[in-house]
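Written below as structure tokens is the structure these notes are about.
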Amino acid sequence: MATKSEDVKVIEKVISMAKRELDPVEYARFLMLITPKTGDSTKELREVRDVESYEEIVKRLKKENVEILP
């Protein structure tokens, strides 16, 4: 049976391969698929929207080099 350390290495390898082989949108979808779902993302997004203006959110995303499409 594999140890947790070996499992982590396999996961890191798969994520590295996905990052190389997928375009940014596909990679984001992949991460969403493998990430455990907890909480209410719609509620969390509304809470961010309620504290930050649209312009502030876009500015923060651009700072993180996220491609903003019209």
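The values are calculated or read from the model by the stated rules, or taken from the named source; none is laboratory data. Every value quoted in this text rests on a predicted model; they were computed, and no experiment measured them. Note: ideal-geometry Cβ built from the backbone for every residue, glycine included; neighbour counts use all protein chains shown.
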Exercise. Restricting attention to segment 20-37, does a residue exist that is more than 16 Å from the chain's Cα centre (by Cα) and of a type in the set (K, R)?
Worked result: no
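For segment 26-39, how many residues are surrounded by fewer than 10 Cβ atoms within 10 Å (Cβ to Cβ) and of a type outside the set (G, A, S)?
Within segment 26-39, residues that are surrounded by fewer than 10 Cβ atoms within 10 Å (Cβ to Cβ) and of a type outside the set (G, A, S) number 5.
Working only within segment 1-20, note down all residues that are polar (S, T, N, Q) and either surrounded by 11 or more Cβ atoms within 10 Å (Cβ to Cβ) or at pLDDT below 90 (or both).
T3, S5
Residues in segment 46-64: is at least one among the basic types (K, R), outside the structural domain of V8 (by TED's automatic domain parsing), at pLDDT below 90 and surrounded by fewer than 10 Cβ atoms within 10 Å (Cβ to Cβ)? Before you say what the answer is, go through the steps one by one.
Our first condition is that a residue be among the basic types (K, R); within segment 46-64, this holds for 46, 49, 59-60, 62-63.
So of that shortlist, the ones also outside the structural domain of V8 (by TED's automatic domain parsing) come out as 46, 49, 59-60, 62-63.
Remaining after also requiring at pLDDT below 90: 46, 49, 59-60, 62-63.
Keeping just the survivors that are surrounded by fewer than 10 Cβ atoms within 10 Å (Cβ to Cβ) gives 63.
Yes, segment 46-64 has at least one match.
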